[in-house]
Amino acid sequence: MSLLIILLVLMIIGAIIAIETTNLLSSIVCVGAVGFLISIAFLFLGAPDLAITQLVVEVLCLIILIRATINRDLTSVAGDREFFGLTVTVAMVLVFAIVGVKVFGEFPLLGQPVMDRMADTPSAVYLAQGTEQTGAKNVVTALMLGYRNYDALGQVAILFCSVLGALAILRRPARKEEIEKDQEADAV
Amino acid sequence: MVYALCLVLIAIGLYGVVVKKNIVKIVISMAIIEYGINVLLVLIGYRSGGCAPILKQGMTAATLAANAVDPLPQALVMTAIMINLGMLILMVAICIRLYERYGTFDITEMRRLKG
Amino acid sequence: MDNTLPFFIAIPLAAAFFIPMVSVTLKWVPDLLANAVMAVLAAMAFLTIGQAGICHLGGWGTHLGIDLRLDGLTTLMLITINTIGLAMAIFSVQYMTRYTSKLRYYSIFLCMVAGLNGIVLTGDLFNLYIFMEIVAISSYALVAFGCEHDELEAAFKYAVLGTVASAFVLIGIALLYAMLGTLNMAEMSVKLSAGGMNMPLTFALGLFLCGFGLKAALVPFHAWLPDAHPSAPAPVSAMLSGVVIKTAGIYVLARLIFNVFSVQLVPDLLPILRILGVVSMVVGVLLAIGQWDMKRLFAYHSISQIGYVALGLGLGTPLGITGALFHMLNHSVFKSLLFLNAGAVEYATGSRDLKHLGGLGKTMPVTANTSLVASMSIAGIPPFNGFWSKFIIVLACIESDHPWLALAAVLVSLITLASFLKVQKYAFWDIGKPVTAMAHEVPIFMRVAMLLLAVFCVVLALLVLTGLRTPYLVTPAVDALSTWAGTVSGHWMGI
Amino acid sequence: MIDSTQKEGMDLVAKSVTGWLKGFIFLFGVYLVLHSHETPGGGFAGGIIIACAFILFTLAEGQRAGMKILSKNLAAKLASVGALIFLGAAIAGTCGKGFFCKDFPGAAHAGILSFFEENAISIYDMALALVVSMLLFVAFSIMAAVHVTVKDGKRKMVHRRRE
């Protein structure tokens, strides 16, 4: 338990550095560090599936983010937005934190999942019968691809959509007029 | 306590989204918000001393049901991670294109739209 | 009927996955495929009238798996989404030739339709979140589709605010799961009625209100809409303003407030919704009158009209909900039509700034007349559909003893009329300017799409007659919202 | 003048290490996909690792060599195929009741249906891995190919492969 708290504190420190540092590249590296800490935390929380996925996703995120920022000058745009926005945000974040702490005062204690607290939850059925009903020994896989298959379908659609969107945004030329403009430029 | 730390992580991300000028920093702050939520979800499904919800050799379903952590939040987090990845790809594409158009990552200099 | 429900999601997704494989040389295939898919979906949506049922995906049942549910409100939303989608697909055939990469446009568009259908059909809260993300990501991509300065900037703002909204919703879902142990909305509602409210649940509800309020662009959360909606290509603006803010915002909010939580459990919710509605109504219309960009003006009116819907829902009486849902249907028709008109004007003249336009009534008769119909509808002139739904909302305000709200609704309607008279005058009635003298009427498919929606504007007015309203569309939808699982009789909730 | 073989990709050490590693990474991804039902991992993680193998190769050997192995268009088409397979399996599962690998392993049906029923999870996983790996490779290669150049004081985005 204390290990978890240490990990979370480290994550928070990493997040603060990532947001406050002026150099964009070190900020990205810090986010990567936070991601790897989360991966370790998942491992301790009994979620090896998530640990692996988080790890590889983090690697890929880093590659993409570094690709986006490397070779660009002017990457170290620092500083905050105007004072008014800052005060509003700080107030908002404070309210969020206070209300949240109050909420978690009434929250069930850590380490008591829903199937321990309630009689009839689907999670208990997944654990007790999931391996037998689906034939998968990994209950998380059984859930993702068996019970909640349309979630996985939705993810495929989201990934498909976002990559198509990225292709569409990075295409050139975007409009028919631009083709003509390019041709004119070439002719000159 | 642990939940509150997750909330702090989310709040830091929220602060970054609203206050920072650099659009890549905003994308990073969004990623931090999602991290906080993912950890929160997994914590909700955690059982003290619980094992992973995988049936190992020599284990019966009953022992699994008595010992394993809640698998449902893990499936949700798996989905959430992939959604974040898709979001990140799209946002980075928009950032690159914005850089091409404006020559900067500074959001305060992108002021064509007002109101 | 139950077994056809997954096809509302599967058919557009299959087409979306298939279209990128089509060779670039076969230019007509994506056009044909997208239109055929939307026509089939629209026909299927009309076939669901009067039906109800549950489809358990994979046969796991309500407790374990995900189920799709069909009831009156779902039917209403399905018809709205797929009919407007069909009109947009027809319009896109010629409008989108201005842009390159039509293949990807159709693919992302169909993903969006699949997501919208999924939102209204699913009975599982997390599944709803995923479909909401599909809609959100495809709309960010479509807003940025033109890749110009302001389009990218609007898409970035939209994406940032949309992600924050999604994050709020996801935290809310996590809290609900921790407290109730299930993700199925029907089961949640039963457990909530047994257990009552507590602090985490209230916080979750607040997060939902912020998150979906952001998606619906109710006033304190409206900042992204006037940028994002005008920047997109015209059919996408029409889809965003006409369908997306209602489906991803108001529809989910209504489901959560009336079906999952309930008015009996959280009595403070209705006044909040009413206040949000009235503020959106007034602020939206006041910001709209000063605009000179046609699409931007329409976008501000979207905020204002969403305010009417929220106000009607916030009254909580059957009459108020009737007015709200009826207005939601009407607004999606006439607002889409208005955005298509703006797109047609931009297609013909290359400008949508009202100061540069004028005299288009002579050169573009179809566009001018359909836009007149839509303007009269949105301003609430009697024979058209907008009048009847606003009238019902005003009546409901008076009936439930809120005369001031009724007065506000009438006044906002008058200001709306003024601002649309301005659009008509500057764009279509004034003497021609050099830019507009050369303009020609837009091509045939664009005209067909506009005429289709204009006919709907007139026909939907008939729904106010009790003989038509009771069996079809509106009343079943109201029943779906006003019966609560706590009282067990609701057919959406019938487990 | 640097000659073109040196310009492409990284230096010799990176190239030879990649030459050793890429096969193992690819195989590890395939292993995760095929064994997702009994070990942690699954289609997503496996798919990303497969994508990483391609990405590593492309980074080390340069864009041109990477494109020879797997071009962007082919990857996009394969992703579409994978997505269609996944969708088809999901829809078949909805219509035929209990297709989602229920009643495993003692399915009483004969023939091809029984094969699919027993292996439904694997089919989903493989389709998922195909989609994820190909899509992420496409995403990576488009981001890697795009460069913003400044020409006559005007910024212009160019795709490296186009030249």
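The values are calculated or read from the model by the stated rules, or taken from the named source; none is laboratory data. This is a predicted model, so every value here is computed, not measured. Here Cβ is always computed from backbone atoms with ideal geometry, including for glycine, and neighbour counts include all displayed protein chains.
Rundown of residues vs (1) within 9 Å of chain C (Cβ to nearest Cβ); (2) touching a Lys or Arg at 6+ places or on another chain (Cβ under 8 Å); (3) at pLDDT 75 or above, yes/no style:
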residue: A:116; (1), (2), (3): no, yes, yes
residue: A:143; (1), (2), (3): no, no, yes
residue: A:153; (1), (2), (3): yes, no, yes
residue: A:158; (1), (2), (3): yes, no, yes
residue: A:166; (1), (2), (3): yes, no, yes
residue: A:169; (1), (2), (3): yes, yes, yes
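When you check residue B:40 against the structure, is it modelled with pLDDT of 85 or more, more than 7 Å from chain A (Cβ to nearest Cβ) and closer than 30 Å to residue A:110 by Cβ, yes or no?
On the way: modelled with pLDDT of 85 or more: yes; more than 7 Å from chain A (Cβ to nearest Cβ): yes; closer than 30 Å to residue A:110 by Cβ: yes.
Considered against the rule, which asks whether it is modelled with pLDDT of 85 or more, more than 7 Å from chain A (Cβ to nearest Cβ) and closer than 30 Å to residue A:110 by Cβ, residue B:40 comes out as yes.
For region A:1-57, which positions are facing another protein chain (nearest Cβ under 7 Å) and not in a helix (DSSP H, G or I)?
A:45, A:46, A:47
Exactly one of these conditions fails for residue C:182: (1) at pLDDT below 90; (2) under 19 Å from the mean Cα position of the chain (by Cα). Give me its number.
(2)
In region C:35-64, how many residues are in contact with a Pro (Cβ under 9 Å, 6 or more places away or on another chain) and at negative phi? Give the steps one after another, and end with the answer.
Filtering region C:35-64 for residues in contact with a Pro (Cβ under 9 Å, 6 or more places away or on another chain) gives C:37-38, C:41, C:49-50, C:52, C:55, C:57, C:63-64.
If we keep only those that are at negative phi too, we end up with C:37-38, C:41, C:49, C:52, C:55, C:57, C:63-64.
So the count comes out to 9.
Conditions tested, residue by residue: (1) modelled with pLDDT under 75; (2) crowded, with 19+ Cβ neighbours inside 10 Å; (3) out of contact with any strand residue (DSSP E or B) (no Cβ under 9 Å at 6 or more places or on another chain).
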{"residue": "D:3", "(1), (2), (3)": "yes, no, yes"}
{"residue": "D:10", "(1), (2), (3)": "yes, no, yes"}
{"residue": "D:37", "(1), (2), (3)": "yes, yes, no"}
{"residue": "D:49", "(1), (2), (3)": "no, yes, yes"}
{"residue": "D:68", "(1), (2), (3)": "no, no, yes"}
{"residue": "D:74", "(1), (2), (3)": "no, no, yes"}
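So, residue C:112, is that one aliphatic (A, V, I, L, M) and under 24 Å from residue B:41 (Cα atoms) or not?
On the way: aliphatic (A, V, I, L, M): yes; under 24 Å from residue B:41 (Cα atoms): no.
It is false that residue C:112 is aliphatic (A, V, I, L, M) and under 24 Å from residue B:41 (Cα atoms).
Take the conditions touching a residue at least 40 places away in the same chain (Cβ under 8 Å) and more than 16 Å from residue D:45 (Cβ to Cβ) and apply them to residue B:88. Does it pass? Can you show your working first?
Values: touching a residue at least 40 places away in the same chain (Cβ under 8 Å): yes; more than 16 Å from residue D:45 (Cβ to Cβ): yes.
So residue B:88 passes the test.
Output the residues belonging to region C:8-43 that are surrounded by fewer than 19 Cβ atoms within 10 Å (Cβ to Cβ) and closer than 22 Å to residue A:150 by Cβ.
C:40
Here is a list of conditions, (1) within 29 Å of residue C:327 (Cβ to Cβ); (2) of a type outside the set (Lys, Arg); (3) within 11 Å of chain A (Cβ to nearest Cβ), and residue C:105 meets all of them except one; can you say which number that is?
(1)
Considering only region C:38-61, I want to know if a residue exists there that is without any contact (Cβ under 8 Å) to a residue 12 or more places away in the chain, more than 14 Å from chain D (Cβ to nearest Cβ), farther than 28 Å from residue C:334 by Cα and part of a helix (DSSP H, G or I).
Among the residues of region C:38-61, not one is without any contact (Cβ under 8 Å) to a residue 12 or more places away in the chain, more than 14 Å from chain D (Cβ to nearest Cβ), farther than 28 Å from residue C:334 by Cα and part of a helix (DSSP H, G or I), which makes the answer no.
Quick check on residue C:75: is it more than 30 Å from residue C:28 (Cβ to Cβ), surrounded by 24 or more Cβ atoms within 10 Å (Cβ to Cβ) and at pLDDT below 90? Full working, then the answer.
Values: more than 30 Å from residue C:28 (Cβ to Cβ): yes; surrounded by 24 or more Cβ atoms within 10 Å (Cβ to Cβ): yes; at pLDDT below 90: yes.
When the stated conditions are applied, residue C:75 passes them.
Touching a Phe, Trp or Tyr at 6+ places or on another chain (Cβ under 8 Å) and farther than 22 Å from residue C:414 by Cα: which single residue out of C:354, C:372, C:340 fits that description? Can you show your working first?
Values: C:354 fails: farther than 22 Å from residue C:414 by Cα; C:372 fails: farther than 22 Å from residue C:414 by Cα.
Exactly one residue qualifies, and that residue is C:340.
Kindly indicate whether any position in region A:136-150 is buried (at least 24 other Cβ atoms within 10 Å of the Cβ) and among the charged types (D, E, K, R).
Looking through region A:136-150, at least one residue is buried (at least 24 other Cβ atoms within 10 Å of the Cβ) and among the charged types (D, E, K, R).
I'd like to verify a number: residues in region C:194-239 that are under 18 Å from residue C:266 (Cβ atoms) and assigned to a loop (DSSP other than H, G, I, E, B), how many? Reasoning before the result, please.
Narrowing region C:194-239 to residues under 18 Å from residue C:266 (Cβ atoms): C:194-213, C:218.
Remaining after also requiring assigned to a loop (DSSP other than H, G, I, E, B): C:196-198, C:218.
Total meeting the criteria: 4.
Do any helices (runs of 4 or more DSSP H) lying entirely in region C:77-193 carry at least 1 residues that are of a type in the set (Phe, Trp, Tyr) and closer than 21 Å to residue C:344 by Cα, and which ones are they? Please lay out each step first, then the result.
On the way: elements: C:102-121, C:125-143, C:149-180.
Hits in region C:77-193: C:102-121.
Which of the residues spanning region A:130-141 are at the interface with another protein chain (Cβ under 7 Å from one of its Cβ atoms) and assigned to a helix (DSSP H, G or I)? Step through it out loud before you land on a result.
First, pick out the residues of region A:130-141 that are at the interface with another protein chain (Cβ under 7 Å from one of its Cβ atoms): A:131-141.
Listed by number, the residues that qualify are A:131, A:132, A:133, A:134, A:139, A:140, A:141.
Pull up region B:14-37, narrow it to residues that are free of Cβ contacts under 8 Å to residues at least 60 places away in the same chain and more than 7 Å from chain A (Cβ to nearest Cβ), then point me to the one that is farthest from the chain's Cα centre (by Cα).
Checking each candidate, the answer is B:17.
For every residue, the table says whether it meets (1) free of Cβ contacts under 8 Å to residues at least 12 places away in the same chain; (2) more than 22 Å from the chain's Cα centre (by Cα); (3) under 13 Å from residue C:338 (Cα atoms).
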| residue | (1), (2), (3) |
| --- | --- |
| C:398 | yes, yes, no |
| C:404 | yes, yes, no |
| C:412 | no, no, no |
| C:450 | no, no, yes |
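Regarding region B:101-113, can at least one residue be identified that is outside any loop (DSSP other than H, G, I, E, B), crowded, with 24+ Cβ neighbours inside 10 Å and either among the polar types (S, T, N, Q) or more than 7 Å from chain A (Cβ to nearest Cβ) (or both)? Before the answer, list the steps.
Filtering region B:101-113 for residues outside any loop (DSSP other than H, G, I, E, B) gives B:101-102, B:106-109.
Right, trim to crowded, with 24+ Cβ neighbours inside 10 Å and you get none.
No; the residues of region B:101-113 include none that is outside any loop (DSSP other than H, G, I, E, B), crowded, with 24+ Cβ neighbours inside 10 Å and either among the polar types (S, T, N, Q) or more than 7 Å from chain A (Cβ to nearest Cβ) (or both).
If residue B:66 satisfies all but one of (1) of a type in the set (Gly, Ala, Ser); (2) farther than 21 Å from residue C:156 by Cα; (3) at the interface with another protein chain (Cβ under 7 Å from one of its Cβ atoms); (4) out of contact with any strand residue (DSSP E or B) (no Cβ under 6 Å at 6 or more places or on another chain), what's the number of the condition it fails?
(3) is the only condition that residue B:66 fails.
Evaluate the following for residue B:98: is it touching a residue at least 60 places away in the same chain (Cβ under 8 Å), more than 7 Å from chain A (Cβ to nearest Cβ) and of a type outside the set (Phe, Trp, Tyr)? Break it down stepwise before answering.
On the way: touching a residue at least 60 places away in the same chain (Cβ under 8 Å): yes; more than 7 Å from chain A (Cβ to nearest Cβ): yes; of a type outside the set (Phe, Trp, Tyr): yes.
For residue B:98, the condition - touching a residue at least 60 places away in the same chain (Cβ under 8 Å), more than 7 Å from chain A (Cβ to nearest Cβ) and of a type outside the set (Phe, Trp, Tyr) - is met.
Quick one: which residue in C:156, C:91 is among the aromatic types (Phe, Trp, Tyr) and touching a residue at least 60 places away in the same chain (Cβ under 8 Å)? First the steps, then the outcome.
Details: C:156 fails: touching a residue at least 60 places away in the same chain (Cβ under 8 Å).
Just one listed residue meets the conditions, C:91.
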